[in-house]
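Enquirer: Okay, handing you the structure first.
The values are calculated or read from the model by the stated rules, or taken from the named source; none is laboratory data. Everything quoted here is computed from the prediction, not taken from an experiment. Don't worry about glycine lacking a Cβ; one is built from the backbone with ideal geometry, like all the others, and counts go over all protein chains shown. Please note that ligands, DNA and RNA were not included when accessible areas were found on the heavy atoms of the full protein model with its side chains. Shrake-Rupley method; radii C 1.70, N 1.55, O 1.52, S 1.80 Å.
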Amino acid sequence: MTLRCHAPHGHLSLHFRLYRVHELVDSVSYETPQPQAEFVLQGGTVEPGSLYCCQYGNSMFSTYTRIKAPPCPIMPPGPPHLSVTPPAGRVLPGQVLEFQCQTPPSVPAPVAFLLLRQLAGPQDPAAQQRHVVGQSASPRFQVGPVGQGEEGIYTCLYRIDMQEGVQDSVPSSPVSIILAAHLPVPQLSQEKEGVLVCMGSPSYPGAIFSLFPQGTPSPVATLTAPVIKHSAQFSMPDLQRERGVYQCQYSVLLGKDWAHSERSAPLTVSCTTGSPSYGIFPKDKTHRHTAGRAHLALVIGSISAALLFLLVLIILGFTMYKHAKAAAMKRQQREPDLFCLHSENHTVDLTLRPLSINTMVMYNTTGPNHNHIKSQEYSLIKGIFLDLDQKMEDVLSQSPSMIIHYLHLPNLSTT
């Protein structure tokens, strides 16, 4: 029990004394003047129903205070039951633990739940200082991704509101969390401008490496190392370029479960020179959508330009075709006129050589050869007409429209 002795307002003292009636029970001295002092009464000093007073310096005694019998000790509520998933308590690095703190059936609804952790393997669990991992109105807690810092012994308790105030329950039975495998922390470095190298453990080649902006849960790039290598290179030309702080992590398959290393120490990446500052990595989806829209606009523009060029070629070809067709029609219309004009400048001479039959018959109309001469005359006339008919066919075959201006026929006379 604690009794507090207050000096009047504005007064200080180096010495305070506590009396039970007139018997000095305890005294307190300070190096500097104080306005009050506290007296802690041990079990043998407290006498229920006794009168106590106090004094500061050489002042008068205070008024008496009667000490009542201490109330019966309040029993804390019963302990809850703590369970964890995975239930064995042996986890791989990078896994997430899920704790559940279940209260006894007869306990009223708690106002809060607390998850506590202490170092693994204590000699005296009660003497260990417990660290509050989480406090929530829900009985469920998630811890992770698990690393070396999450190993230890976990307990939980709950708080309920009673007439005497808020009371904490008895802690639950402890649950031990032990890492089944420990993956060394990777190292992140900038090998040269535009290249980040994440170095893992030689004991785990072929791991999967992830690159994170500091403070973000999702990676911006993930690479799988070759089966004989334990490192990965992240190339910045495939990414955006801006100043930022980054960490890397690697994951390996142990049995049927994936184990994840802790993240590397943060590395500050400066903006690369000689290139536009687009930012090393996409920070949000807006930039990705903007880049996608830009690429789509470029593709649509290229297709439109190709279609426009094809349309111009079609129009030009059609125009040339129409022009050539019109020229051909005009040429066909001019050909008959030109042919007629050409024909007018050339006269077909069908003049036959004059032949005087009178001369031929003049000397042969008498005598015994008269009949023979007459048959020769008919043969000659027949040959003349055959020759004329052949010339007419030749002329008509060459140009049916040719106009024959002169047709000279021989004078045929008989005597």
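Enquirer: Being buried (at least 19 other Cβ atoms within 10 Å of the Cβ) and out of contact with any Phe, Trp or Tyr (no Cβ under 7 Å at 6 or more places or on another chain) is the filter here, so list the residues in segment 154-170 that pass it. It would help to see each step written out before you state the result.
Expert: If we filter segment 154-170 for residues that are buried (at least 19 other Cβ atoms within 10 Å of the Cβ), which is where we start, we get 154-158, 169.
Within segment 154-170, THR155, LEU157 meet the criteria.
Enquirer: From the list SER210, SER201, SER251, exactly one residue is open to solvent by less than 50 Å² (accessible area, probe 1.4 Å), in contact with a Gly (Cβ under 9 Å, 6 or more places away or on another chain) and modelled with pLDDT of 85 or more. Which is it? Give the derivation first.
Expert: Working: SER210 fails: in contact with a Gly (Cβ under 9 Å, 6 or more places away or on another chain); SER201 fails: in contact with a Gly (Cβ under 9 Å, 6 or more places away or on another chain).
Checking each option against the conditions leaves just SER251.
Condition check ((1) of a type in the set (Phe, Trp, Tyr); (2) closer than 30 Å to PRO86 by Cβ; (3) at pLDDT below 85) across all residues:
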site	(1), (2), (3)
VAL197	no, no, no
HIS230	no, yes, no
LEU267	no, no, no
PRO282	no, no, yes
THR286	no, no, yes
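Enquirer: Considering segment 120-151 alone, what residues qualify as being open to solvent by less than 60 Å² (accessible area, probe 1.4 Å) and modelled with pLDDT under 75?
Expert: PRO122
Enquirer: Give all pairs with beta carbons closer than 9 Å in which a residue from segment 255-269 that is at positive phi meets a residue that is at pLDDT below 85 and open to solvent by less than 40 Å² (accessible area, probe 1.4 Å); count only pairs at least 6 apart in sequence or on separate chains.
Expert: GLY255/LEU92
Residue by residue, here is whether (1) hydroxyl-bearing (Ser, Thr, Tyr); (2) at pLDDT 80 or above; (3) over 30 Å from GLN102 (Cβ atoms) holds:
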site	(1), (2), (3)
GLY10	no, yes, yes
ARG17	no, yes, yes
ARG20	no, yes, yes
GLY43	no, no, yes
MET75	no, no, no
LEU82	no, yes, no
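Enquirer: Which condition number does VAL185 fail, the rest of (1) under 14 Å from GLY94 (Cβ atoms); (2) of a type in the set (A, V, I, L, M); (3) open to solvent by 30 Å² or more (accessible area, probe 1.4 Å); (4) part of a strand (DSSP E or B) being met?
Expert: Tallying (1) under 14 Å from GLY94 (Cβ atoms); (2) of a type in the set (A, V, I, L, M); (3) open to solvent by 30 Å² or more (accessible area, probe 1.4 Å); (4) part of a strand (DSSP E or B), VAL185 fails exactly one: (4).
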